[in-house]
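Worksheet: the structure to be examined is printed underneath.
The values are calculated or read from the model by the stated rules, or taken from the named source; none is laboratory data. Computed from a predicted structure; not experimentally measured. Every residue, glycine among them, receives a Cβ derived from its backbone with ideal geometry; neighbour counts consider all protein chains shown. Surface accessibility is based on the protein's heavy atoms, side chains included, excluding ligands, DNA and RNA. Shrake-Rupley method; radii C 1.70, N 1.55, O 1.52, S 1.80 Å.
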Amino acid sequence: MEVKIGVQHAPREIALESGQSAEEVERAVNDALSGKTQLLSLTDDKGRKVLVPTDRIAYVEIGEPAKPRVGFGAI
């Protein structure tokens, strides 16, 4: 699942490929924004954890699962 997180006062967004489902990511975002946690915590496909303070989240974009690319010029 492709996830993009916009962070306030940061020039670039955080983009990651997560093994979590769209529902799991949405639940984590809802918990963070409702005040249940102070950090949005997501794990990418390589096992790295991304932590974003909830008061700095500008937006979260949840995309479709990435399709595997084949070849040098695959779009």
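Couple of notes before you dig in:
- Exposed loop sites were defined as trypsin sites (Lys or Arg not before Pro) in DSSP loop states (anything but H, G, I, E or B) carrying at most 11 other C-beta atoms within 10 Å; in the chain the longest segment without such a site runs 13-35.
- With each label modelled as a point 7 angstrom along the Cα→C-beta vector, the Lys36-Glu17 pair spans 2.9 nm.
- Solvent exposure of the chain as accessible area per residue, Å², 1.4 Å probe: 75 Å²
- Folded to 0 to 90 degrees: helix 22-33 orientation relative to the chain principal axis, Cα: 30 degrees
- Straight-distance crosslink candidates among aspartates and glutamates, where the alpha carbon sits under 16 Å from Lys36 and sequence neighbours closer than 8 are dropped: Glu24, Glu26, Asp55
- Accessible area of the range 1-57 belonging to carbon and sulfur atoms, whole % at 1.4 Å probe: 46 percent
- Over the chain: helical MRE at 222 nm, DSSP H runs n ≥ 4 each giving -39500 (n - 2.57), nearest 500: -5000 deg cm²/dmol
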